[in-house]
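Colleague: One structure, as structure tokens, below. Some questions next.
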Amino acid sequence: MERGAIIAVIIAVLAAIGLVYYLGTMGHAPKGGTTTYSGGFSTVPVTSLTPAAVQFYAINVQYIYQGPQYKGGINCSYNSYTYVDTGQNQVLNGSQSFYLSYPISSTACPMTITSVAVNTSGFAFLGTVPTLPLTIPKNSQAQLQFNLRTPSVNFYGPLTITIFYS
């Protein structure tokens, strides 16, 4: 084959590759930039991506006791407290469903988990496994899974969940 013909074939192949790339991206360059998401605790600038990037670096699990102090003559007033879990740092896509799991323990009195709320703006609570209300017999433990959905916008910050029990 003549040298000019070889060069023409190479140029045609490169043009075909460029056309395939153009059609695959519809001629649009990747989008970038900076956006700001105002979460429940902070406003943090993050680089915008498609889909949105969601990262929580800590989970604040608030336990709120709403029951009576005495049950059957036993002092059953559990304390309300917040547990900070830094071991479940996750990076997820926007609008993605995911599960978190926590053990719940009772003491000398039975405990009933009555409801759960997500207090971080943009996150949606989808349900629990097992479903609520969940009664835990005295001196027992149960595993409670939360099904959540991330916000559809970029987020970086802590996630706060509140568990109400009696």
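Colleague: Gain in length, T162 to V84, computed as 0.36 nm per residue apart minus the alpha-carbon separation, to one decimal in nm? The partial results should precede the final answer.
Modeller: Numbers: separation 78, 0.36 × 78 = 28.08 nm, distance 1.18 nm.
Contour length minus Cα-Cα distance gives 26.9 nm.
Colleague: Still on this model: Within 10 Å of each residue's Cβ, count the other Cβ atoms and sort Y81, Y156 from fewest upward.
Modeller: On the way: Y81 10, Y156 17.
Arranged by neighbour count, lowest to highest, Y81, Y156 become Y81, Y156.
Coordinate-derived values only; no laboratory data. Because the structure is predicted, anything quoted here is derived from the model rather than measured. Because the Cβ atoms are built from the backbone with ideal geometry, glycine has one as well, and the counts that use them run over all protein chains shown.
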